[in-house]
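The values are calculated or read from the model by the stated rules, or taken from the named source; none is laboratory data. Fair warning: this is a prediction, and the values are worked out from it, not measured in the lab. For neighbour counting, all protein chains shown are included, and Cβ atoms are generated from backbone atoms with ideal geometry for every residue, glycine included. Remember, those area values only see protein heavy atoms, side chains included, never the ligands or the DNA or RNA. Shrake-Rupley method; radii C 1.70, N 1.55, O 1.52, S 1.80 Å.
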Amino acid sequence: MSEEPPATSSWLTAEPTAWPSGGGGPADNSTSSGMFPPEDPLPPGELPLLVNPWDIVLCSSGTLIACENALVVLVIWQNPALRAPMFLLIGSLALADLLAGLGLVLHFTCAYLLRSDSAQLLTVGLVVASFSASVFSLLAITIDRYLSLYYALTYNSERTAAFTYTMLVLLWGLSLCLGLLPVTGVNCLAEEATCSVVRPLTKNNIAVLSVSFLLLFGLMLQLYVQICKIVMRHAHQIALQHHFLAATPHYVTTRKGVSTLAIILGTFAACWMPFTVYSLIADYTYPPLYTYATLVPATYNSVINPVIYAFRNQEIQKALWLVCCGCVPASVAQRARTPSDV
């Protein structure tokens, strides 16, 4: 009597139910889910299509991510007023998160419909490139925020715009290179023992990504400390000039921008740090539950990012009202324009 196989896991080690084509048979890892009993194999055409609930959660997150960020990208693309360097970087972040959401949905679809290693390589590469671009875009936003405060008098010059375009080209180029690594052969399909917690990424590949994340976060944190010092110095100078009445437009704008940056960095660390640390200490032999439990929160950062921008940036708020309702409420329209706000 054969027992019913458990659900498949599209992000973990190779399984006969999920990847019948492409190199390799069933993995010997007993901790991997989705294994058929060896004594009762079935032809590929007769394999039951069982879905892992964690994959459904990731696919649902991807759908929400794609919908939210598509709206932000559409608003920035259609509104000529949103062409300042900061808005271009926000658009880059939204585009990266949009592609990441689409990558999660496509990976789910390919895992349970196409069930091929080639499709897995392409979708995982898209996810890696997109999330890398998202992280790099957050770093670029932090750099831009620092420069806008340090060089406040010359920030709106053509030089700033050229520097922003240069950062965009570099971050997307580097992200594309990282995403192409699994497709060009840096994967563990030929040797399952080299797999990381996320198949088909190798342990060395994901270690490089994790260490890079820690370095980038450290740089972002250092920049944020410098931003806080600049803001404190500006606030002190403004207080002296206005007889300790600190509620000037410049002070309020700067304070809101820094508080938004703090929210972004805090959210970023809370979402990505568990998966980053786990990826460094674990490999494919660890229980699949741990991988999903750290990977799912990492995707929530892309869910939260557009919410932060839509509700805290006044220009994007106005554009969103126009797109969704065709009008702008008086309470929103009467607010002062603050393009330097994050």
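What about L104, is it at pLDDT below 90 and in contact with a helix residue (DSSP H, G or I) (Cβ under 9 Å, 6 or more places away or on another chain)?
Working: at pLDDT below 90: no; in contact with a helix residue (DSSP H, G or I) (Cβ under 9 Å, 6 or more places away or on another chain): yes.
Against the criterion (at pLDDT below 90 and in contact with a helix residue (DSSP H, G or I) (Cβ under 9 Å, 6 or more places away or on another chain)), L104 does not qualify.
Of the conditions (1) more than 14 Å from the chain's Cα centre (by Cα); (2) at pLDDT 90 or above; (3) open to solvent by 10 Å² or more (accessible area, probe 1.4 Å), Q78 clears all except one; give me its number.
With respect to (1) more than 14 Å from the chain's Cα centre (by Cα); (2) at pLDDT 90 or above; (3) open to solvent by 10 Å² or more (accessible area, probe 1.4 Å), Q78 is out only on (2).
Looking at (1) more than 25 Å from W11 (Cα to Cα); (2) assigned to a helix (DSSP H, G or I), can you tell me which one V208 breaks?
It fails just one condition, (1).
Condition test on S33, is it more than 30 Å from T154 (Cα to Cα), modelled with pLDDT under 90, assigned to a loop (DSSP other than H, G, I, E, B) and open to solvent by 60 Å² or more (accessible area, probe 1.4 Å)? Talk me through it step by step, then tell me what you get.
Numbers: more than 30 Å from T154 (Cα to Cα): yes; modelled with pLDDT under 90: yes; assigned to a loop (DSSP other than H, G, I, E, B): yes; open to solvent by 60 Å² or more (accessible area, probe 1.4 Å): no.
Answer is no for this residue.
Quick one: how many residues across region 155-189 are modelled with pLDDT under 85 and surrounded by fewer than 12 Cβ atoms within 10 Å (Cβ to Cβ)?
Number satisfying all stated conditions: 4.
What are the pairs with Cβ atoms under 8 angstrom where one residue, in region 101-120, is closer than 15 Å to T63 by Cβ and the other, located anywhere, is in a helix (DSSP H, G or I) and at pLDDT below 90? Sequence gap at least six, or different chains.
H107/Q120
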